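The values are calculated or read from the model by the stated rules, or taken from the named source; none is laboratory data. As the structure is a prediction and not an experimental result, all values here were calculated from the model. Quick note on the areas: whole protein, heavy atoms, side chains included, nothing else; ligands and nucleic acids left out. Shrake-Rupley method; radii C 1.70, N 1.55, O 1.52, S 1.80 Å.
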Amino acid sequence: MTHMLIGCYRSLTEAEAIVHALVAQGFARLQMTLATPHAIVPSSEHLGLQTWSTLEGAEGLRRRFLDLGVSDSEVRTYTEAVRQGATLVVVHA
């Protein structure tokens, strides 16, 4: 059974620190996604890490969450958080 955890962080830097901590605990970057209001320039820190951005549009972000099976009410909460500047770390475990 697959589980999904979604954490909401005030900044991209804080979210990246969580990703590093999860990697140190044995999670693979391929299991994680960043949902951010920022454009992510591919870098060594993001190798293997999927990124979503509101720059692709709020509807695109909404669709990605719905495709993961997130309920519509939670999707609204998450997309609004990203729209207001938060960064989400989505972990598939």
Accessible area of Arg83, 1.4 Å probe, to the nearest 10 Å²? 150
How many percent of DSSP beta bridges within region 4-93 run antiparallel, rounded to 5? 70
Given (i) 0.98; (ii) 1.13; (iii) 0.93 as candidate values of Rg/Rh (Cα atoms, Kirkwood Rh), which corresponds to the one derived from the coordinates? (iii)
